[in-house]
Amino acid sequence: MDIDELKGRLGTELWAVEFEIEKGLVRRFVQAVDDPNPRWQVTAPPTLVLTVGIDQIQQWQASVSPSATLLHGGTELECYQPVKVGDVIRASVAVAGVRERPGKMGRMLFITLETSYTNQRQEAVARSRQLVMSY
């Protein structure tokens, strides 16, 4: 996809993935972030939703990058309700913004992705915005 194609896709879903939040996943996640809170036996830490669909996001980013250099510019996460063990989370990813600028090392591309997360009851559980830069 070139920059004009990206701009033409603003606000439209690029893809969606579904993922079941299972107990072993939550256990491994809380071990990785070193958070032994007993609450995580039933619910998932809020930031766990950011891992849903991350493989697809990384593959897509690499396919639209003008080079092999990708930088993560930041993440904003809004949580609306807890994600529980057993929930099936759907992550729907859309391009929320695209801009291009000249830089010292050549053309720089800034892409903002917005991901909406819903559970199996189609209830919104979270929304994230991530900025990716490539040059």
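The values are calculated or read from the model by the stated rules, or taken from the named source; none is laboratory data. The shown structure was predicted, so the numbers you read here are calculated from the model rather than taken from an experiment. Reconstructed Cβ throughout: ideal geometry from the backbone, glycine too, with neighbour counts over all protein chains shown.
Things to note:
- Pick from region 64-90, criterion of a type in the set (Gly, Ala, Ser) and at pLDDT below 95, ranking: nearest to Glu22 (Cα to Cα): Gly74
- The set of residues in region 1-35 that are under 16 Å from Leu109 (Cα atoms) and of a type in the set (A, V, I, L, M) comprises Met1, Ile3, Leu6, Leu10.
- On the stretch given as region 89-125, residues that are farther than 17 Å from Gly11 by Cα and in contact with a Leu (Cβ under 7 Å, 6 or more places away or on another chain) total 1.
- Summed over region 112-135, the residues that are modelled with pLDDT of 95 or more and not in a strand (DSSP E or B) give a count of 5.
- Candidate set from region 99-135 (those that are among the aliphatic types (A, V, I, L, M), within 15 Å of Leu71 (Cα to Cα) and surrounded by 15 or more Cβ atoms within 10 Å (Cβ to Cβ)); member that is farthest from the chain's Cα centre (by Cα): Met108
- Region 7-58, residues that are of a type in the set (S, T, N, Q), farther than 24 Å from Pro82 by Cβ and loosely packed, with under 11 Cβ neighbours inside 10 Å: Thr12
- Checking Thr47, Thr69, Thr51 one by one, the residue that is farther than 15 Å from Arg129 by Cα and hydroxyl-bearing (Ser, Thr, Tyr) is Thr69 and no other.
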